[in-house]
């Protein structure tokens, strides 16, 4: 599928400091792309450049092949990290207003708003003012404001932060629905489990540079498997002495065995089966969390 | 263009419906109504019932001719409402009569003095319950008594015509060189005639006050709107939807319309109040003729008003954009408030001296010209090219500051935290490449 949002060698400097150093990425139609990084790594600056709030010093950003302009504004939706709406204006009024600013006409905007309100089971807030809503509901309204005009490119900055699990699921479903309808979504978060669930491709930024990029599966395969999860019926001893094993933690209910060589897996299983009955054996692939900490943490030392 | 309309509509609708707007408008309209009624109320309370207020007694034992002359003089005054009731008797009887007949008071002309002083004009006193004399009564009686005194002393030595001349105050008039010698250029010659028309003065005064208040009030409205959008972070969404220029102009025009509505409401309030029959009489007393309204001054006034408004409004929007919290706004707009205050006071204090150097200079400075130029057009002498130059400068200033404000706005809305200094702002502009 075609890449709709393409960043090529984008550079942004603030004075002597380089905030974003030669970032390239492409988001396809119907894809959620994860943009990860520690605080201050350059995520917000990257997103602001994509939104046309600030201009790159070098490199190009194209939207469906076109450069930034008034037309692009209409197909982009944005949910800022600190989401904001007018506190004293009715929900319906301001969301319709924002939709109109993005080029919808009044009745289209009404219709789309009703659709989303219905989806989020929030029809009762239609005539309420934002300041009257709970924080979680305000966030839902912020999300609706970002997607009400059916954007082709959607920028979500920490979309799920501060929401209860029920609402996170609701919003996740909405994001997936938008993806299935063909939207290109640039997604930034600190919650790795969301990335693992939603994204296919990711970029990890650290101190303004790209440290890791590509398909999550491939990235995971590139990292060695370092953990074995073992569940047995009775205690197993002597696993530490097997070559390649660095440490054993836990009890028969669940052993976590750290290894520095995947070849150690077979001897571990053999030894366990000899001593007891094995209920569960798994050579765990690294979690994104571990990958993130490793690739960002190592550089920080 | 379409989006500009959307921004204007949204700004207007939300501003007009706020409680604070409705309350301020109603309160001010109420104050105006009360203010217009003050002369009427004063009349109501001081006048008492008008019949007895206009009746005063007059007691002149030895000098009936003086009493007669006073009566004649007063009754010949235009709009005279005073009536005299002749009284007789000693002091106690006079007091009793005055009170019985419900008179406002009475004039007592002292009896002729002892031998040798009988040709002196007798003293006259006004006796009333409060022991004082109302100002309007004194204004009618004083010249009447003086007239009687002149006649008393002249005693047939002078003709009536001579006495009349004697009692008329000498006239001192003022005229310009050109007018006297008849060399004035046409145009100014005609204009000269209505320069001293009080309507000119009032028009200029009202236009200046209106400008000052709407520049300040709506300016603050705009600035606080922008700051509120910024502090509620809705700005980040707005700025990705519409260009900052569209946003800023939409806001400025929207609030301008709100201001117009407010002025309209006040105008209607004043008009209705002045139309009320009893107020119309009071107004007539001021001797104002609305048909004398100087249309040219009004037209120029409107042009300068609108242009000046935009100049200030754009700057207020820019200032609003660099502040992150509403609490910091007051301090940030102070320079602009000072500027509009200066424009107002230079104008007001120079109303009697519109041709001073200060006025001449400030009528070309874009920030002060909306008030001072009006004063010069309405009350001073001015050539057309001066108005044109001032207008061009004002328009140029709007373009320059509009451009600058848009840049500040664009940068300011992305900068959170403490209010940036100009240096930081410039640095940020460079960094954002705006």
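Bear in mind that the values in this text are calculations on the coordinates, not laboratory data. The model shown is predicted, which means the values in this text are computed figures rather than measured ones. We place every Cβ from the backbone using ideal geometry, glycine too, and count neighbours over all the protein chains shown.
Legend: mean number of C-beta atoms from other chains within 10 angstrom of residue C-beta atoms, peptide B:4-14, equals 3. Gain on full extension, evaluated as 0.36 nm per residue between residue B:16 and residue B:338 minus their Cα-Cα distance, stands at 113.2 nm. Here the residues A:17, B:13, B:407, ranked from fewest to most Cβ neighbours within 10 Å of their Cβ, fall in the order A:17, B:13, B:407. For Cα pairs less than 8 Å apart in space and 6+ apart in sequence, what is the mean separation divided by the residue count of chain B, i.e. the relative contact order in percent? The normalised contact order for chain B reaches 19 percent. When chain B is treated as a Gaussian network with alpha carbon springs shorter than 10 Å, the biggest mean-square fluctuation among B:111, B:294, B:244 belongs to B:111.
For chain A, a Gaussian network of Cα nodes joined below 10 Å ranks A:11, A:166, A:211 by mean-square fluctuation, and the top entry is A:166.
Note on region B:199-319: the alpha carbon radius of gyration divided by the globular reference 2.2 N^0.38 Å gives 1.37. Highest mean first, the peptides B:264-277, B:356-369, A:148-161 sorted by other C-beta atoms within 10 Å per residue fall in the order A:148-161, B:356-369, B:264-277.
For chain B, what is the Kirkwood hydrodynamic radius in Å, using each pair of distinct C-alpha atoms? For chain B, inverting the mean 1/r across all distinct Cα pairs yields 27.2 Å. With both labels modelled 7 Å from their Cα along Cα-to-Cβ, the residue A:119 to residue B:209 distance reads 5.7 nm. The long axis of helix B:2-16 is offset from the longest Cα principal axis of chain B by roughly 40 degrees. Treating each Cα of region A:146-301 as an identical point scatterer and summing with the Debye formula, the log10 of I(q)/I(0) at q = 0.13, 0.15, 0.20 Å⁻¹ comes to -0.78, -0.90, -1.16.
Put simply, the convex hull of the Cα atoms in region B:54-167 casts, on average, a shadow of 7.6 nm². Dividing the Cα radius of gyration of region B:357-406 by its Kirkwood radius returns 1.03 for Rg/Rh.
Other protein chain C-beta atoms within 10 Å of residue C-beta, averaged over A:8-15: 2.
Between the Cα long axis of helix B:135-154 and the first principal axis of chain B there is an angle of about 40°, rounded to the nearest 10. Computed over region B:199-247, the range of Cα coordinates on each principal axis works out to 51, 19, 7 Å, biggest value leading. Separation of region A:182-220 and region A:47-99, taken as the distance between their Cα centroids, equals 21 angstrom. Using all pairs of distinct alpha-carbon atoms, the Kirkwood hydrodynamic radius of region A:3-220 works out to 17.7 angstrom. For the residues B:175, B:398, B:34, a GNM of chain B with alpha-carbon springs under 10 Å puts the largest fluctuation on B:175.
Counts of other chain beta carbons within 10 angstrom of each beta carbon in peptide A:53-60 average 3. When only alpha carbons of region A:224-284 are considered, Rg and Dmax amount to 10.0, 29 Å. In this simple spin-label approximation, residue A:249 and residue B:155 carry label points 7 Å from Cα along the Cα→Cβ vector, and these lie 13.2 nm apart. Between helix A:165-180 and chain A there is an angle of about 70 degrees, using the helix long axis and the longest principal axis of the Cα atoms. The rule of thumb for compact globular proteins, 2.2 N^0.38 Å, goes into the C-alpha radius of gyration of region B:193-432 1.14 times. Across all Cα pairs in region A:81-137, the calculated P(r) in 10 Å bins from zero up to the longest distance comes to 24, 54, 22 percent per bin.
Just need the Rg to Rh number for region B:103-176, please, alpha carbons only, Kirkwood Rh. Rg/Rh for region B:103-176 comes to 1.09. Taking every DSSP helix (H) stretch of at least 4 residues in chain B, weighting each as -39,500 (n - 2.57) and dividing the sum by the residue count yields a mean residue ellipticity at 222 nm of -23000 deg cm²/dmol. At an R0 of 22 angstrom, the distance between the Cβ atoms of residue A:9 and residue A:217 translates into a FRET efficiency of 0.25.
Scaled against 2.2 N^0.38 Å for its residue count N, the alpha carbon radius of gyration of the protein assembly as shown is 1.58.
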